1. Only one of F339, F321, F310, F343 is under 14 Å from A252 (Cα atoms) and within 15 Å of the ligand (Cβ to nearest atom); which?
2. Only one residue in T236, T248 is open to solvent by 10 Å² or more (accessible area, probe 1.4 Å), at pLDDT 95 or above and over 22 Å from G144 (Cβ atoms). Which one?
3. Please go through region 5-47 and pick out each residue that is in a loop (DSSP other than H, G, I, E, B) and under 25 Å from A230 (Cα atoms).
4. Scan (1) open to solvent by less than 10 Å² (accessible area, probe 1.4 Å); (2) more than 26 Å from the chain's Cα centre (by Cα); (3) more than 20 Å from I30 (Cα to Cα) for the single condition I163 breaks and write down its number.
5. Considering only residues that are open to solvent by 30 Å² or more (accessible area, probe 1.4 Å) and in contact (Cβ under 8 Å) with a residue 12 or more places away in the chain, which ones fall in region 187-217?
6. Out of the residues in region 34-46 meeting the condition of being within 16 Å of the ligand (Cβ to nearest atom) and of a type in the set (A, V, I, L, M), tell me which one is farthest from G61 (Cα to Cα).
7. Among residues belonging to region 254-272 that are small (G, A, S) and surrounded by fewer than 23 Cβ atoms within 10 Å (Cβ to Cβ), point out the one that is nearest to L392 (Cα to Cα).
8. Give the residues of region 137-171 that are closer than 23 Å to E227 by Cβ and within 16 Å of the ligand (Cβ to nearest atom), sorted by residue number.
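The values are calculated or read from the model by the stated rules, or taken from the named source; none is laboratory data. Bear in mind the structure is a predicted one, so any value in this text is a computation, not a measurement. Because the Cβ atoms are built from the backbone with ideal geometry, glycine has one as well, and the counts that use them run over all protein chains shown. Heavy atoms of the whole protein, side chains included, go into the accessibility calculation; ligands, DNA and RNA do not. Shrake-Rupley method; radii C 1.70, N 1.55, O 1.52, S 1.80 Å.
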Amino acid sequence: MDRISIIGGQELHGTIPISGAKNAALPLMIASLLTDETLSLVNMPNLADVELLTRILGNHGVDYSVNGRREEQGVLYPRTYNFHASSIVDTTAPYELVSKMRASFWVIGPLLARCGEARVSLPGGCAIGTRPVDLFIEGLRALGAEIEIDRGYAKARAPKGLIGNRYVFPKVSVGATHVLMMAASLAKGETVLENAAREPEIVNLADCLNAMGARVSGAGTSTIAIEGVASLSGTTHEIIPDRIETGTYAMAVAMTGGDVLLEGARPELLQSALDTLAQTGVEIIPVNSGIRVRRNGAGISAVDITTEPFPGFPTDLQAQFMGLMTRAKGRSRITENIFENRFMHVQELARLGARIQLSGQTAVVDGVETLHGAEVMATDLRASVSLVIAGLAAEGETVVHRVYHLDRGFERLEEKLSGCGATIRRLSS
Ligand code: EPU
(Lines give C-alpha, C1' and ligand atoms only; values in the text may rest on other atoms or scores of the structure.)
Protein backbone atom coordinates (compact mmCIF):
# COMPACT_ATOMS: atom_id res chain seq x y z
CA MET A 1 0.00 0.00 0.00
CA ASP A 2 1.26 3.47 -0.89
CA ARG A 3 2.30 5.94 1.81
CA ILE A 4 2.90 9.66 1.72
CA SER A 5 5.99 11.20 3.27
CA ILE A 6 6.02 14.86 4.28
CA ILE A 7 8.91 16.85 5.70
CA GLY A 8 7.26 19.78 7.45
CA GLY A 9 8.30 23.38 7.75
CA GLN A 10 8.04 24.83 4.21
CA GLU A 11 5.78 27.77 3.38
CA LEU A 12 3.51 27.29 0.35
CA HIS A 13 3.90 29.69 -2.59
CA GLY A 14 2.44 29.37 -6.08
CA THR A 15 -0.72 28.22 -7.85
CA ILE A 16 -2.92 25.20 -7.18
CA PRO A 17 -5.51 24.35 -9.85
CA ILE A 18 -8.81 23.28 -8.29
CA SER A 19 -10.38 20.16 -9.80
CA GLY A 20 -14.02 19.41 -10.57
CA ALA A 21 -16.02 18.52 -7.44
CA LYS A 22 -16.14 14.83 -6.54
CA ASN A 23 -19.49 15.23 -4.79
CA ALA A 24 -21.00 16.91 -7.85
CA ALA A 25 -19.44 14.44 -10.31
CA LEU A 26 -20.85 11.33 -8.61
CA PRO A 27 -24.59 12.26 -8.71
CA LEU A 28 -24.15 13.72 -12.22
CA MET A 29 -22.70 10.42 -13.42
CA ILE A 30 -25.66 8.61 -11.85
CA ALA A 31 -28.04 10.96 -13.69
CA SER A 32 -26.84 9.36 -16.94
CA LEU A 33 -29.09 6.41 -16.04
CA LEU A 34 -32.13 8.65 -16.62
CA THR A 35 -31.74 8.94 -20.40
CA ASP A 36 -30.95 6.77 -23.42
CA GLU A 37 -28.93 9.65 -24.89
CA THR A 38 -25.35 10.73 -24.12
CA LEU A 39 -24.60 12.82 -21.03
CA SER A 40 -21.22 14.56 -21.37
CA LEU A 41 -19.63 15.84 -18.17
CA VAL A 42 -16.94 18.49 -18.49
CA ASN A 43 -14.23 19.08 -15.85
CA MET A 44 -14.33 15.56 -14.45
CA PRO A 45 -11.85 14.98 -11.63
CA ASN A 46 -9.50 12.02 -12.02
CA LEU A 47 -10.28 10.13 -8.80
CA ALA A 48 -10.58 6.57 -7.54
CA ASP A 49 -14.26 7.16 -6.66
CA VAL A 50 -15.00 8.26 -10.24
CA GLU A 51 -13.29 5.14 -11.60
CA LEU A 52 -15.25 2.92 -9.25
CA LEU A 53 -18.60 4.52 -10.09
CA THR A 54 -17.81 4.16 -13.80
CA ARG A 55 -17.50 0.41 -13.21
CA ILE A 56 -20.69 0.29 -11.13
CA LEU A 57 -22.64 2.14 -13.84
CA GLY A 58 -21.12 -0.17 -16.46
CA ASN A 59 -22.81 -3.05 -14.66
CA HIS A 60 -26.19 -1.40 -15.37
CA GLY A 61 -25.32 -0.91 -19.05
CA VAL A 62 -23.75 2.57 -19.09
CA ASP A 63 -20.95 2.90 -21.67
CA TYR A 64 -18.42 5.67 -21.30
CA SER A 65 -15.72 7.33 -23.30
CA VAL A 66 -13.29 10.11 -22.52
CA ASN A 67 -12.39 13.01 -24.76
CA GLY A 68 -10.81 16.41 -24.47
CA ARG A 69 -7.72 16.94 -22.39
CA ARG A 70 -6.68 19.63 -19.99
CA GLU A 71 -3.09 20.61 -19.45
CA GLU A 72 -1.78 21.30 -15.98
CA GLN A 73 1.88 21.81 -15.17
CA GLY A 74 2.81 20.29 -18.52
CA VAL A 75 0.75 17.11 -18.02
CA LEU A 76 -2.45 16.24 -19.92
CA TYR A 77 -5.49 15.00 -18.01
CA PRO A 78 -8.85 13.73 -19.30
CA ARG A 79 -11.44 16.44 -19.23
CA THR A 80 -14.79 15.29 -20.58
CA TYR A 81 -16.45 11.95 -19.89
CA ASN A 82 -19.39 10.83 -22.03
CA PHE A 83 -21.87 8.45 -20.40
CA HIS A 84 -24.41 6.59 -22.52
CA ALA A 85 -27.08 4.26 -21.15
CA SER A 86 -28.87 3.31 -24.39
CA SER A 87 -30.55 0.50 -22.46
CA ILE A 88 -30.43 -0.63 -18.85
CA VAL A 89 -29.19 -4.22 -18.86
CA ASP A 90 -29.40 -4.90 -15.11
CA THR A 91 -31.43 -3.18 -12.38
CA THR A 92 -29.52 -4.86 -9.54
CA ALA A 93 -26.66 -3.09 -7.77
CA PRO A 94 -24.88 -5.89 -5.94
CA TYR A 95 -23.28 -5.83 -2.50
CA GLU A 96 -19.73 -6.26 -3.86
CA LEU A 97 -20.00 -2.89 -5.63
CA VAL A 98 -22.28 -0.82 -3.34
CA SER A 99 -20.27 -1.74 -0.25
CA LYS A 100 -17.20 -0.06 -1.78
CA MET A 101 -18.86 3.32 -2.22
CA ARG A 102 -21.90 4.55 -0.37
CA ALA A 103 -23.05 6.99 -3.07
CA SER A 104 -23.64 4.08 -5.47
CA PHE A 105 -26.84 3.37 -3.47
CA TRP A 106 -28.17 6.49 -5.19
CA VAL A 107 -28.74 4.53 -8.44
CA ILE A 108 -31.99 3.39 -6.81
CA GLY A 109 -33.76 6.63 -7.83
CA PRO A 110 -32.93 6.75 -11.57
CA LEU A 111 -33.33 2.95 -12.02
CA LEU A 112 -36.76 3.02 -10.41
CA ALA A 113 -37.85 6.07 -12.40
CA ARG A 114 -36.64 4.73 -15.76
CA CYS A 115 -37.24 0.96 -15.41
CA GLY A 116 -39.96 0.74 -12.72
CA GLU A 117 -37.74 -1.50 -10.60
CA ALA A 118 -34.43 -1.58 -8.75
CA ARG A 119 -32.73 -3.98 -6.38
CA VAL A 120 -29.91 -2.23 -4.58
CA SER A 121 -27.71 -3.53 -1.79
CA LEU A 122 -27.88 -1.56 1.47
CA PRO A 123 -24.59 0.32 1.83
CA GLY A 124 -24.06 -0.48 5.51
CA GLY A 125 -22.13 1.68 7.94
CA CYS A 126 -18.81 3.38 7.37
CA ALA A 127 -15.97 4.89 9.33
CA ILE A 128 -17.76 8.19 10.00
CA GLY A 129 -21.08 6.85 11.30
CA THR A 130 -24.00 4.50 10.75
CA ARG A 131 -25.40 6.48 7.78
CA PRO A 132 -28.85 4.89 7.36
CA VAL A 133 -31.00 5.08 4.17
CA ASP A 134 -34.41 5.57 5.79
CA LEU A 135 -34.96 8.96 4.12
CA PHE A 136 -34.39 7.51 0.63
CA ILE A 137 -36.89 4.72 1.31
CA GLU A 138 -39.50 7.00 2.89
CA GLY A 139 -39.12 9.62 0.15
CA LEU A 140 -39.39 7.12 -2.73
CA ARG A 141 -42.41 5.55 -1.03
CA ALA A 142 -44.01 9.01 -0.96
CA LEU A 143 -43.63 8.97 -4.78
CA GLY A 144 -45.56 5.70 -4.92
CA ALA A 145 -42.72 3.15 -4.89
CA GLU A 146 -43.25 -0.17 -3.15
CA ILE A 147 -40.05 -0.97 -1.26
CA GLU A 148 -39.16 -3.91 0.90
CA ILE A 149 -35.90 -4.64 2.65
CA ASP A 150 -34.94 -8.25 2.07
CA ARG A 151 -31.64 -9.95 2.91
CA GLY A 152 -29.56 -6.79 2.79
CA TYR A 153 -31.19 -5.40 -0.35
CA ALA A 154 -33.72 -2.62 -0.93
CA LYS A 155 -36.15 -4.07 -3.49
CA ALA A 156 -38.13 -1.26 -5.09
CA ARG A 157 -40.97 -1.42 -7.62
CA ALA A 158 -43.15 1.14 -9.33
CA PRO A 159 -44.88 -0.87 -12.07
CA LYS A 160 -47.11 2.04 -13.10
CA GLY A 161 -44.40 4.65 -12.71
CA LEU A 162 -43.69 7.11 -9.92
CA ILE A 163 -46.27 9.74 -9.01
CA GLY A 164 -45.42 13.27 -7.87
CA ASN A 165 -46.13 14.16 -4.24
CA ARG A 166 -45.09 16.51 -1.43
CA TYR A 167 -42.33 15.16 0.81
CA VAL A 168 -40.89 16.88 3.86
CA PHE A 169 -37.42 15.61 4.81
CA PRO A 170 -37.37 15.07 8.59
CA LYS A 171 -33.62 15.74 8.41
CA VAL A 172 -31.51 17.44 5.74
CA SER A 173 -29.82 14.85 3.51
CA VAL A 174 -27.67 15.63 0.48
CA GLY A 175 -27.94 12.14 -1.00
CA ALA A 176 -31.68 11.73 -0.47
CA THR A 177 -32.28 15.17 -2.04
CA HIS A 178 -30.22 14.15 -5.12
CA VAL A 179 -32.12 10.87 -5.44
CA LEU A 180 -35.61 12.29 -5.04
CA MET A 181 -34.86 15.12 -7.46
CA MET A 182 -33.73 12.58 -10.08
CA ALA A 183 -36.63 10.20 -9.48
CA ALA A 184 -39.25 13.00 -9.48
CA SER A 185 -37.95 14.29 -12.82
CA LEU A 186 -39.50 11.23 -14.52
CA ALA A 187 -42.58 10.95 -12.23
CA LYS A 188 -46.13 11.83 -13.27
CA GLY A 189 -47.15 15.27 -12.00
CA GLU A 190 -45.53 17.65 -9.54
CA THR A 191 -43.26 16.82 -6.59
CA VAL A 192 -42.44 19.33 -3.87
CA LEU A 193 -39.48 18.56 -1.61
CA GLU A 194 -39.41 20.53 1.66
CA ASN A 195 -36.39 20.87 3.97
CA ALA A 196 -34.23 19.84 1.01
CA ALA A 197 -30.43 20.09 1.10
CA ARG A 198 -29.11 23.38 -0.33
CA GLU A 199 -25.53 22.36 -1.16
CA PRO A 200 -23.99 23.74 -4.39
CA GLU A 201 -23.79 20.15 -5.69
CA ILE A 202 -27.61 19.98 -5.54
CA VAL A 203 -27.82 23.12 -7.70
CA ASN A 204 -25.25 21.65 -10.12
CA LEU A 205 -27.37 18.50 -10.52
CA ALA A 206 -30.62 20.48 -10.90
CA ASP A 207 -29.02 22.61 -13.65
CA CYS A 208 -27.94 19.45 -15.46
CA LEU A 209 -31.39 17.86 -15.13
CA ASN A 210 -32.98 21.02 -16.53
CA ALA A 211 -30.55 20.98 -19.47
CA MET A 212 -31.72 17.37 -20.04
CA GLY A 213 -35.32 18.60 -20.27
CA ALA A 214 -36.44 18.29 -16.63
CA ARG A 215 -38.44 21.02 -14.88
CA VAL A 216 -36.75 21.59 -11.54
CA SER A 217 -37.07 24.90 -9.70
CA GLY A 218 -35.93 26.14 -6.30
CA ALA A 219 -32.68 24.11 -6.07
CA GLY A 220 -30.38 25.92 -3.66
CA THR A 221 -33.34 26.77 -1.39
CA SER A 222 -34.99 24.39 1.05
CA THR A 223 -38.06 23.93 -1.19
CA ILE A 224 -37.53 22.26 -4.56
CA ALA A 225 -40.40 21.78 -7.02
CA ILE A 226 -40.13 19.24 -9.82
CA GLU A 227 -42.66 18.94 -12.64
CA GLY A 228 -42.26 15.41 -14.00
CA VAL A 229 -41.64 14.87 -17.74
CA ALA A 230 -42.05 11.73 -19.87
CA SER A 231 -38.39 11.44 -20.89
CA LEU A 232 -35.06 13.18 -20.59
CA SER A 233 -32.46 13.83 -23.28
CA GLY A 234 -28.67 14.02 -23.33
CA THR A 235 -26.69 17.20 -22.77
CA THR A 236 -23.22 18.59 -22.03
CA HIS A 237 -22.77 19.90 -18.52
CA GLU A 238 -19.90 21.40 -16.55
CA ILE A 239 -19.00 20.18 -13.05
CA ILE A 240 -18.45 22.93 -10.45
CA PRO A 241 -15.03 23.38 -8.83
CA ASP A 242 -14.49 21.32 -5.68
CA ARG A 243 -15.24 23.49 -2.65
CA ILE A 244 -13.82 20.93 -0.23
CA GLU A 245 -10.54 20.72 -2.15
CA THR A 246 -10.51 24.55 -2.18
CA GLY A 247 -11.04 24.77 1.58
CA THR A 248 -8.45 22.06 2.22
CA TYR A 249 -5.68 23.90 0.37
CA ALA A 250 -6.74 27.21 1.92
CA MET A 251 -6.26 25.58 5.33
CA ALA A 252 -2.90 24.15 4.27
CA VAL A 253 -1.70 27.69 3.44
CA ALA A 254 -3.17 28.98 6.71
CA MET A 255 -1.13 26.31 8.48
CA THR A 256 2.23 26.81 6.77
CA GLY A 257 2.03 30.50 5.86
CA GLY A 258 2.73 31.67 2.33
CA ASP A 259 0.77 32.95 -0.64
CA VAL A 260 -1.16 30.66 -3.00
CA LEU A 261 -3.66 31.19 -5.80
CA LEU A 262 -6.40 28.55 -5.77
CA GLU A 263 -7.08 28.67 -9.49
CA GLY A 264 -10.67 28.21 -10.62
CA ALA A 265 -12.04 28.26 -7.04
CA ARG A 266 -15.33 30.06 -6.43
CA PRO A 267 -15.67 31.82 -3.03
CA GLU A 268 -19.48 31.66 -2.94
CA LEU A 269 -19.30 27.85 -2.77
CA LEU A 270 -17.64 27.95 0.66
CA GLN A 271 -18.21 31.41 2.09
CA SER A 272 -18.73 30.30 5.69
CA ALA A 273 -15.46 28.33 5.73
CA LEU A 274 -13.61 31.29 4.17
CA ASP A 275 -15.10 33.68 6.75
CA THR A 276 -13.94 31.34 9.53
CA LEU A 277 -10.46 31.11 8.02
CA ALA A 278 -10.26 34.90 7.83
CA GLN A 279 -10.95 35.00 11.59
CA THR A 280 -7.91 32.78 12.16
CA GLY A 281 -5.75 35.52 10.62
CA VAL A 282 -5.49 34.49 6.96
CA GLU A 283 -6.10 36.91 4.12
CA ILE A 284 -8.68 35.59 1.65
CA ILE A 285 -8.67 37.61 -1.56
CA PRO A 286 -11.20 36.76 -4.30
CA VAL A 287 -9.61 37.45 -7.71
CA ASN A 288 -10.85 36.89 -11.28
CA SER A 289 -9.00 33.59 -11.65
CA GLY A 290 -9.93 32.15 -8.25
CA ILE A 291 -9.09 32.82 -4.61
CA ARG A 292 -5.75 34.02 -3.28
CA VAL A 293 -4.87 32.84 0.24
CA ARG A 294 -2.07 34.56 2.13
CA ARG A 295 -0.70 34.43 5.65
CA ASN A 296 2.43 36.14 6.84
CA GLY A 297 4.44 35.20 9.92
CA ALA A 298 1.68 36.12 12.40
CA GLY A 299 0.26 33.25 14.49
CA ILE A 300 -3.01 31.38 13.95
CA SER A 301 -5.95 32.59 16.09
CA ALA A 302 -8.18 29.97 17.71
CA VAL A 303 -11.78 29.97 16.38
CA ASP A 304 -14.74 27.75 17.38
CA ILE A 305 -16.80 26.01 14.67
CA THR A 306 -19.94 23.91 14.45
CA THR A 307 -20.61 21.86 11.32
CA GLU A 308 -23.98 22.38 9.65
CA PRO A 309 -25.70 21.72 6.34
CA PHE A 310 -24.94 24.31 3.63
CA PRO A 311 -24.56 27.30 3.92
CA GLY A 312 -23.02 26.49 7.34
CA PHE A 313 -19.49 25.24 7.96
CA PRO A 314 -19.17 21.91 6.02
CA THR A 315 -18.54 18.64 7.85
CA ASP A 316 -16.17 17.72 5.01
CA LEU A 317 -13.78 20.48 6.20
CA GLN A 318 -14.04 19.76 9.93
CA ALA A 319 -11.00 17.46 10.13
CA GLN A 320 -8.83 19.88 8.13
CA PHE A 321 -9.86 22.78 10.37
CA MET A 322 -9.00 20.72 13.42
CA GLY A 323 -5.58 20.09 11.89
CA LEU A 324 -5.11 23.85 11.62
CA MET A 325 -6.33 24.51 15.16
CA THR A 326 -3.73 22.13 16.62
CA ARG A 327 -1.24 24.98 16.16
CA ALA A 328 -3.50 27.92 17.04
CA LYS A 329 -2.83 30.32 19.88
CA GLY A 330 -5.28 29.18 22.56
CA ARG A 331 -8.30 26.90 22.75
CA SER A 332 -10.90 26.13 20.08
CA ARG A 333 -14.08 24.04 20.23
CA ILE A 334 -15.04 21.98 17.18
CA THR A 335 -18.55 20.55 17.21
CA GLU A 336 -19.62 17.90 14.66
CA ASN A 337 -23.36 18.02 14.01
CA ILE A 338 -23.75 15.95 10.83
CA PHE A 339 -22.07 12.59 11.53
CA GLU A 340 -21.89 10.93 14.94
CA ASN A 341 -18.40 9.45 14.60
CA ARG A 342 -16.35 11.83 12.53
CA PHE A 343 -13.46 12.26 14.94
CA MET A 344 -11.25 9.37 13.85
CA HIS A 345 -8.46 11.86 13.07
CA VAL A 346 -8.21 12.97 16.73
CA GLN A 347 -6.05 10.10 17.89
CA GLU A 348 -3.84 10.33 14.81
CA LEU A 349 -3.33 14.08 15.24
CA ALA A 350 -2.40 13.33 18.86
CA ARG A 351 0.45 11.16 17.55
CA LEU A 352 1.91 14.34 16.06
CA GLY A 353 1.70 16.06 19.44
CA ALA A 354 -1.73 17.72 19.17
CA ARG A 355 -3.66 18.30 22.42
CA ILE A 356 -7.30 17.39 21.84
CA GLN A 357 -9.99 16.28 24.31
CA LEU A 358 -13.22 14.75 23.09
CA SER A 359 -16.45 15.50 24.89
CA GLY A 360 -19.45 13.99 23.08
CA GLN A 361 -19.79 15.71 19.71
CA THR A 362 -17.25 18.40 20.60
CA ALA A 363 -13.47 18.31 20.35
CA VAL A 364 -11.62 20.80 22.51
CA VAL A 365 -8.28 21.67 20.90
CA ASP A 366 -5.48 23.41 22.81
CA GLY A 367 -3.04 24.75 20.28
CA VAL A 368 0.63 23.78 20.67
CA GLU A 369 3.74 25.62 19.51
CA THR A 370 5.26 22.63 17.72
CA LEU A 371 4.01 19.39 16.17
CA HIS A 372 6.46 16.53 15.66
CA GLY A 373 6.45 14.25 12.61
CA ALA A 374 5.37 10.64 13.18
CA GLU A 375 3.81 7.65 11.41
CA VAL A 376 0.04 8.09 11.18
CA MET A 377 -2.88 6.19 9.70
CA ALA A 378 -5.50 7.58 7.31
CA THR A 379 -8.98 6.43 8.39
CA ASP A 380 -11.25 8.19 5.91
CA LEU A 381 -10.91 10.66 3.09
CA ARG A 382 -11.15 13.97 4.96
CA ALA A 383 -9.43 12.66 8.11
CA SER A 384 -6.42 11.64 6.04
CA VAL A 385 -5.94 15.07 4.52
CA SER A 386 -6.04 16.67 8.00
CA LEU A 387 -2.95 14.59 8.77
CA VAL A 388 -1.28 15.96 5.65
CA ILE A 389 -2.06 19.53 6.78
CA ALA A 390 -0.61 18.85 10.22
CA GLY A 391 2.41 17.11 8.67
CA LEU A 392 3.17 20.18 6.53
CA ALA A 393 3.79 22.14 9.72
CA ALA A 394 5.33 19.41 11.87
CA GLU A 395 9.05 19.22 12.62
CA GLY A 396 10.69 16.31 10.79
CA GLU A 397 9.03 13.55 8.75
CA THR A 398 5.39 12.49 8.86
CA VAL A 399 4.42 9.30 7.03
CA VAL A 400 0.71 8.85 6.25
CA HIS A 401 -0.31 5.21 5.75
CA ARG A 402 -3.35 3.95 3.82
CA VAL A 403 -3.34 6.79 1.32
CA TYR A 404 -5.93 5.04 -0.85
CA HIS A 405 -8.40 7.06 1.23
CA LEU A 406 -6.83 10.26 -0.14
CA ASP A 407 -6.93 8.99 -3.72
CA ARG A 408 -10.71 8.66 -3.46
CA GLY A 409 -11.16 12.43 -3.32
CA PHE A 410 -7.97 14.41 -3.95
CA GLU A 411 -6.57 14.57 -7.45
CA ARG A 412 -2.73 14.58 -7.53
CA LEU A 413 -2.48 15.94 -3.99
CA GLU A 414 1.25 15.49 -3.62
CA GLU A 415 1.96 17.12 -7.02
CA LYS A 416 -0.25 20.10 -6.23
CA LEU A 417 1.45 20.67 -2.87
CA SER A 418 5.02 20.01 -4.02
CA GLY A 419 4.40 22.44 -6.91
CA CYS A 420 4.03 25.11 -4.20
CA GLY A 421 7.23 24.19 -2.35
CA ALA A 422 6.09 21.46 0.08
CA THR A 423 8.43 18.52 0.61
CA ILE A 424 5.93 15.73 0.01
CA ARG A 425 6.21 12.53 -1.97
CA ARG A 426 4.45 9.23 -2.48
CA LEU A 427 6.26 6.10 -1.36
CA SER A 428 5.03 3.20 -3.48
CA SER A 429 5.19 -0.21 -1.90
N1 EPU B 1 -29.11 10.35 7.08
C2 EPU B 1 -30.12 9.61 7.67
N3 EPU B 1 -30.93 8.87 6.84
C4 EPU B 1 -30.78 8.85 5.49
C5 EPU B 1 -29.76 9.64 4.91
C6 EPU B 1 -28.94 10.39 5.74
O7 EPU B 1 -30.27 9.61 8.90
O8 EPU B 1 -31.54 8.16 4.82
C9 EPU B 1 -28.23 11.14 7.97
C10 EPU B 1 -26.77 10.73 7.86
O11 EPU B 1 -26.48 9.60 8.64
C12 EPU B 1 -26.07 11.98 8.35
C13 EPU B 1 -26.97 13.09 7.83
O14 EPU B 1 -28.24 12.48 7.55
O15 EPU B 1 -26.07 12.01 9.75
C16 EPU B 1 -26.49 13.79 6.58
O17 EPU B 1 -26.13 12.83 5.62
P18 EPU B 1 -26.27 13.10 4.05
O19 EPU B 1 -27.30 12.19 3.50
O20 EPU B 1 -26.46 14.57 3.84
O21 EPU B 1 -24.84 12.67 3.53
P22 EPU B 1 -24.50 11.90 2.17
O23 EPU B 1 -25.40 12.35 1.09
O24 EPU B 1 -24.38 10.45 2.44
C25 EPU B 1 -22.84 13.68 1.25
C26 EPU B 1 -21.40 13.70 0.85
C27 EPU B 1 -20.53 13.55 2.09
C28 EPU B 1 -20.84 14.72 3.01
C29 EPU B 1 -22.34 14.75 3.35
C30 EPU B 1 -22.76 15.94 4.19
C31 EPU B 1 -21.37 12.77 -1.38
C32 EPU B 1 -20.97 11.67 -2.28
N33 EPU B 1 -21.13 12.61 -0.09
O34 EPU B 1 -23.04 12.43 1.90
O35 EPU B 1 -19.19 13.64 1.66
O36 EPU B 1 -20.10 14.59 4.21
O37 EPU B 1 -23.10 14.77 2.13
O38 EPU B 1 -22.44 17.12 3.55
O39 EPU B 1 -21.88 13.80 -1.84
C40 EPU B 1 -16.90 13.12 1.62
O41 EPU B 1 -16.85 13.64 0.49
O42 EPU B 1 -15.86 12.82 2.29
C43 EPU B 1 -18.20 12.87 2.23
C44 EPU B 1 -18.38 12.03 3.25
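1. Numbers: F339 fails: under 14 Å from A252 (Cα atoms); F310 fails: under 14 Å from A252 (Cα atoms); F343 fails: under 14 Å from A252 (Cα atoms).
Within the list F339, F321, F310, F343, the selection yields F321.
2. Working: T248 fails: open to solvent by 10 Å² or more (accessible area, probe 1.4 Å).
Just one listed residue meets the conditions, T236.
3. Residues of region 5-47 that are in a loop (DSSP other than H, G, I, E, B), as a first pass: 8-11, 18-19, 21, 35-37, 43-47.
Across region 5-47, the qualifying residues are T35, D36, E37.
4. If we test I163 against (1) open to solvent by less than 10 Å² (accessible area, probe 1.4 Å); (2) more than 26 Å from the chain's Cα centre (by Cα); (3) more than 20 Å from I30 (Cα to Cα), just (1) comes out false.
5. Applying the first criterion (open to solvent by 30 Å² or more (accessible area, probe 1.4 Å)) to region 187-217 yields 188-190, 192, 194-195, 198, 203, 207, 210-211, 213, 215, 217.
Selection gives K188, G189, E190, V192, E194, N195, R198, V203, D207, A211, G213, R215.
6. Checked region 34-46; the qualifying residue farthest from G61 (Cα to Cα) is M44.
7. First pass over region 254-272, keeping only residues small (G, A, S): 254, 257-258, 264-265, 272.
If we keep only those that are surrounded by fewer than 23 Cβ atoms within 10 Å (Cβ to Cβ) too, we end up with 257-258, 264, 272.
Working: G257: 10, G258: 12, G264: 23, S272: 24 Å.
Ranking the qualifying residues of region 254-272, first place goes to G257.
8. The first filter runs over region 137-171 and keeps only residues closer than 23 Å to E227 by Cβ, leaving 138-145, 156, 158-169.
Selection gives E138, G139, L140, R141, A142, L143, A145, A156, Y167, V168, F169.
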